[in-house]
Amino acid sequence: MKILAKGPHSVMEVMHELNKRGFKMKYRESVYRALEKLADAGLVQKYYDNKERGIRYRLLKAKIDIDFQSQKIS
């Protein structure tokens, strides 16, 4: 999510950034699945970027509050 806070990214861009940070991601599918879970949770938006001609992900909110007791995200 910190990577997406800097702006929209593709799966490959996220993967390359994670590798730069020392996470050693081998498979694009792992990053894709994580981004899809964030999208399903309503934290990230998946969209088609006409300029870049590809699927990109961006954060929906600049600030996210999580209440673990009530299991609510706002």
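Only the coordinates and a few stated rules stand behind these numbers; no lab work does. Just so we're clear, the structure is a prediction, and the values are computed from it rather than from any experiment. Cβ sites come from the backbone with ideal geometry, for glycine too, and all protein chains shown count toward neighbours.
If exposed means no more than 12 neighbouring beta carbons inside 10 Å and the site is in a DSSP loop, what's the longest run of the chain without any exposed chymotrypsin sites (Phe, Trp or Tyr not before Pro)?
Values: sites that count: Phe23, Tyr27, Phe68.
Counting at most 12 other Cβ atoms within 10 Å as exposed, the longest clean stretch of the chain is 28-67.
Let me check I've understood the local charge: for Ser74, count other residues with C-beta under 15 angstrom from its C-beta, Lys and Arg +1, Asp and Glu -1. What total comes out?
Details: positive: Lys61, Lys63, Lys72; negative: Asp65, Asp67.
After counting each charged neighbour, the total is +1.
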**Study point:** Diffusion coefficient, µm² s⁻¹, Stokes-Einstein with Kirkwood Rh over alpha-carbon pairs of the chain at 37 °C and 0.692 mPa s
**Key:** 250 µm²/s
Check your understanding: Which one of Lys26, Lys51, Lys37 has the biggest mean-square fluctuation once the chain is modelled by GNM with Cα springs under 10 Å?
Key -> Lys51
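Dipole magnitude of the range 5-74 about its Cα centre, charges +1 at Lys/Arg Cβ and -1 at Asp/Glu Cβ only, in debye to the nearest 20?
Values: 16 positive and 9 negative charges, 46 e Å.
That gives the range 5-74 a dipole magnitude of about 220 debye.
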Revision key, fill the gap. Listed by chain and number, the residues whose amide H is under 5 Å from that of Val44, excluding neighbours fewer than 5 places away on the same chain and using placed H, are Ala39, Leu60
Check your understanding: Percent relative contact order of the range 25-74, based on C-alpha pairs within less than 8 angstrom and at least six residues apart?
Key -> 21 percent
**Study point:** the chain: most fluctuating residue of Glu13, Glu36, Glu52 per GNM, C-alpha cutoff 10 Å
**Key:** Glu52
Review point. Taking the Cα centre of the chain as the origin and placing charges on Cβ (Lys, Arg +1; Asp, Glu -1), which of Ala34, Gly7, Ala62 is farthest toward the positive end of the dipole?
Key: Gly7
Practice item. For the range 18-34, take each phi angle, set θ = phi - 60°, evaluate the Karplus expression 6.51 cos²θ - 1.76 cosθ + 1.60, and give the result in whole Hz per residue in order, putting x for glycine and proline. Key: 4, 5, 4, 7, x, 8, 6, 7, 8, 10, 4, 4, 5, 5, 4, 4, 5
